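Single-structure report; data block below.
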Amino acid sequence: MMQAKRAGHILSLENIRKVFGGVVAVDGLTVSVEKGSVTSVIGPNGAGKTTVFNLITGFLPPSAGRITYSGRVLNRLKPHHIASLGIARTFQGVRLFPQMSVLENVMVGRHLRSKTGIFSSSCLPPVLRQEENRIRQEAIDWLDFVGLKEYAEAVAGNLPFGNQRMLEIARALAIEPHLILLDEPAAGLNSRETIVMGELIEKIRQEQITVILVEHDMELVMDISDRVLVINFGRLIGDGTPETVQDDPDVIAAYLGE
Amino acid sequence: MQGRDTAGLIALILAVVAIPLVIRNDYYLGVLIFTAFNCLTCIGLCLLMGYAGQISLGHGAFVAIGAYASGILTTTLGWSPWAAMGAGIIIVSVVAAIVGVPTLRLKGHYLAMATLGFASIIHILAVATVDLTGGPSGLLNIPRISIFGHQLNSDMQYFYFSWAVVAIGLYVAFNLINSRVGRGLRALHGSEEAAASLGVNITAHKIQVFILSAVYAAISGSMYAYYVNYIDPGPFGVMHSVLLVTMVAVGGMHNIWGAFTGAVLLSLLPEFLSSATDYLQLMGIAYQPDYDILVYGAILLLIMLFLPEGVFDGLGKAVRAGRRMIRR
Ligand SMILES: Nc1ncnc2c1ncn2[C@@H]1O[C@H](COP(=O)(O)OP(=O)(O)OP(=O)(O)O)[C@@H](O)[C@H]1O
Ligand SMILES: [Mg+2]
């Protein structure tokens, strides 16, 4: 923990609020995340976890508060701009490009790391091919990283669900992020697949990528997290190591429905 | 480009080379030249509809601007046809940006509405600005285009020229689809959120494709003007834009070959209908050209109901099913 603190914060939320009509989804959340750590966000259904991810990645504008990432304020930036700063994410329930091949899905992840424009894309194929080959090779490497290399040519939408999850993560990693947000990566996975997912998250951390994880599988959370944040009704009600959070009476109350 | 598309393109080029050897009749060559113009516009429109997921009801107006830019600049200012075509491309790009930038920022089908309004405005302008466009009576004496100083005077020469441009248009489209930008487009069609989360600038991609598709239409309009040597507002009504969208939808908008097939089929359809008229008359039915629109509507409806992915995809499925039956 001490070590992580010295590394500094990569992301800070200050008094973040998000209101949908009458519903307060996030209610004055203040929290900072340490570089290189694995932080889990847990809480009952509707607690506001996904909304926090949507606020960080620019899919929703905060109603109030400030989001800072590596010294930059993210409020009001567009999602593609935030991605270009090095924040990747996956979606609750998986969002692939189902008609494209597995490899092409990951190649889209290399979009920011390549630059051929519309004119050269359509008119100058030989110049293009060099970059195309590079993009292809790098995408294959990321598929290998998650163990999907052999499925490269398959149509993404035809993969078994567990592999779709892995593919979505490979695609997010392909942007070479400093921070990755995973929204319930183990939901719908069987116990064997969940173990593989835990190993993958560990591997991601070893790449010096900071991980924030929303997850309902408590075994996975307690296993891999440096820190666990508990939110309920958009408010932080618990914060600490897996052990301390597990024994926190407020947290237990929230999960048992008070 | 992928192997199958390359093979398709080569087959098309061979067919184009062979057709004038078989069809010597200028009337039929003319029909095929008009077909080429529609194919070109529909390839561009397919990039927009099938790959960026947006509908334009104003592509007929971009064809018109391309045609009128060529007509006006060559006849009143004496520009060379190529320079006028280039100017038409630039004008259309600017106009497409003006229409596309504000509407494509918004979620939903605002582009369809904006382009529909735009198409009517362009048609009204073509009729009303008599000094510029010649109004309802049109512009006469538009020159023929030359290649390396050789003027394309015969229909056969113009046939080769227009289909060569279609082949180039296909080549460019396939290149685009299998490139970084094309992947970005297909990605945002699959999931805009996921594409944005990977850094794809959705708005910029849509605007670029819209402009590119308008340029296809401008070139098509320009080639039309140099072929018929006379333009008036008649062919450029809103119905033409709707017909172009119908061609793409009937053929299949998720595949360039689909849009191509739709353009060919619906461009040739009036010829079949007019020859069918004679038979229908024998049967005591007085078919009028006015009914064409009903036939188009019925075709679109049937395709949407039974072949939602279009005729091209339907044919592919039929061929595969046939093969399976033979193997058994
Ligand atoms: N786009 C939206 N528009 C309106 N209300 C929303 C929107 N997104 C979330 N909400 C509401 O905000 C609250 C928090 O939802 P959120 O999806 O963030 O919860 P969650 O913690 O991710 O839950 P789960 O564990 O079920 O995924 C809920 O009441 C939800 O209905
Ligand atoms: Mg959620």
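Odds and ends about this structure:
- Residue in the range A:42-62 that is away from ligand 2 (no atom under 16 Å from the Cβ), of a type outside the set (K, R) and touching a strand residue (DSSP E or B) at 6+ places or on another chain (Cβ under 8 Å) present: yes
- A:M222 vs. criteria assigned by TED's automatic domain parsing to the domain that holds A:E243, of a type in the set (A, V, I, L, M) and either within 16 Å of ligand 1 (Cβ to nearest atom) or touching a helix residue (DSSP H, G or I) at 6+ places or on another chain (Cβ under 8 Å) (or both): yes
- Among residues of the range A:39-54 that are open to solvent by 30 Å² or more (accessible area, probe 1.4 Å), those with a Cβ under 8 angstrom from a residue that is more than 6 Å from ligand 1 (Cβ to nearest atom) and at pLDDT 95 or above, sequence gap 6+ or separate chain, pair up as A:T50/A:D183; A:T50/A:V214; A:N54/A:L60.
- Set B:A126, B:A112, B:A97, B:A87: member being part of a helix (DSSP H, G or I), surrounded by 13 or more Cβ atoms within 10 Å (Cβ to Cβ) and without any contact (Cβ under 8 Å) to a residue 40 or more places away in the chain: B:A87
- Filtering B:T41, B:T75 for residues that are β-branched (V, I, T), away from every other protein chain (no Cβ under 14 Å) and touching a Ser or Thr at 6+ places or on another chain (Cβ under 8 Å) leaves a single hit, B:T41.
- Residue in the range B:47-58 that is within 14 Å of chain A (Cβ to nearest Cβ), in contact with a Lys or Arg (Cβ under 7 Å, 6 or more places away or on another chain), surrounded by 18 or more Cβ atoms within 10 Å (Cβ to Cβ) and assigned to a helix (DSSP H, G or I) present: yes
- Just one of (1) within 16 Å of ligand 1 (Cβ to nearest atom); (2) touching a helix residue (DSSP H, G or I) at 6+ places or on another chain (Cβ under 7 Å) fails for A:S84. It is (1).
- Some residue of the range A:68-81 being small (G, A, S) and at pLDDT 95 or above: no
- Positions within the range A:28-38 being within 27 Å of A:A186 (Cβ to Cβ) and away from ligand 2 (no atom under 16 Å from the Cβ), in sequence order: A:V31, A:S32, A:V33, A:E34, A:K35, A:G36, A:S37, A:V38
- Residue selection: A:G188 satisfies the criterion of being more than 14 Å from every other protein chain (Cβ to nearest Cβ), more than 27 Å from A:I16 (Cα to Cα) and within 16 Å of ligand 2 (Cβ to nearest atom).
- Within the range A:210-234, the set of residues being open to solvent by 10 Å² or more (accessible area, probe 1.4 Å) and either in a loop (DSSP other than H, G, I, E, B) or acidic (D, E) (or both) comprises A:H216, A:D217, A:E219, A:D223, A:S225, A:D226, A:F233.
- Within the range B:288-308, residues that are without any contact (Cβ under 8 Å) to a residue 40 or more places away in the chain and under 21 Å from B:S274 (Cβ atoms) have Cβ atoms under 7 Å from residues that are part of a helix (DSSP H, G or I) and open to solvent by less than 100 Å² (accessible area, probe 1.4 Å) in these pairs: B:D292/B:P270; B:D292/B:L273; B:V295/B:L273, counting only partners at least 6 apart in sequence or on another chain.
- Comparison of A:V24, A:V19, A:V31, A:V38 shows that the only residue that is among the β-branched types (V, I, T) and more than 16 Å from ligand 1 (Cβ to nearest atom) is A:V38.
- Taken together, the residues in the range B:260-292 that are open to solvent by 90 Å² or more (accessible area, probe 1.4 Å) and under 25 Å from B:Y216 (Cα atoms) amount to 0.
- Restricting the range B:186-241 to residues that are assigned to a loop (DSSP other than H, G, I, E, B) and away from chain A (no Cβ under 14 Å) leaves a set whose member that is modelled with the lowest pLDDT is B:G237.
- Residues that are open to solvent by less than 90 Å² (accessible area, probe 1.4 Å) and either in contact with a helix residue (DSSP H, G or I) (Cβ under 6 Å, 6 or more places away or on another chain) or farther than 19 Å from B:W257 by Cβ (or both) within the range B:305-320 comprise B:L307, B:G310, B:V311, B:F312, listed in sequence order.
- Any pair with Cβ under 6 angstrom, 6 or more apart, that starts in the range A:228-249 at a residue that is in the same structural domain as A:V38 (by TED's automatic domain parsing) and ends at one that is among the β-branched types (V, I, T) and surrounded by fewer than 21 Cβ atoms within 10 Å (Cβ to Cβ): A:V230/A:I237; A:G234/A:V24
- Residues in the range B:120-145 that are under 26 Å from B:L32 (Cβ atoms) and in contact with a helix residue (DSSP H, G or I) (Cβ under 7 Å, 6 or more places away or on another chain): B:L139, B:N141, B:I142, B:P143, B:R144, B:I145.
- Residue count, the range B:139-172 (criterion: open to solvent by less than 20 Å² (accessible area, probe 1.4 Å), in contact with a Phe, Trp or Tyr (Cβ under 6 Å, 6 or more places away or on another chain) and not in a helix (DSSP H, G or I)): 2
- Residue in the range B:64-84 that is within 20 Å of the chain's Cα centre (by Cα) and of a type in the set (V, I, T) present: yes
- Each residue in the range A:179-197 was checked for being open to solvent by less than 10 Å² (accessible area, probe 1.4 Å) and assigned to a helix (DSSP H, G or I), and 1 pass.
- Breaking point among (1) within 14 Å of another protein chain (Cβ to nearest Cβ); (2) part of a helix (DSSP H, G or I), for A:E176: (2)
- Residues in the range A:169-186 that are in contact (Cβ under 8 Å) with a residue 40 or more places away in the chain and within 16 Å of ligand 1 (Cβ to nearest atom): A:L181, A:L182, A:D183, A:E184, A:P185.
- Failed item, numbered, when A:V73 is tested on (1) away from ligand 1 (no atom under 15 Å from the Cβ); (2) closer than 18 Å to B:A196 by Cβ: (2)
- Restricting the search to strands (runs of 3 or more DSSP E) fully inside the range A:38-156 and requiring at least 3 residues that are more than 9 Å from every other protein chain (Cβ to nearest Cβ) gives A:38-42, A:64-69.
The values are calculated or read from the model by the stated rules, or taken from the named source; none is laboratory data. Remember, predicted model here, so these are calculated numbers, not experimental data. Because the Cβ atoms are built from the backbone with ideal geometry, glycine has one as well, and the counts that use them run over all protein chains shown. Side chains are part of the model used for accessible areas, which takes the heavy atoms of the whole protein and leaves out ligands, DNA and RNA. Shrake-Rupley method; radii C 1.70, N 1.55, O 1.52, S 1.80 Å.
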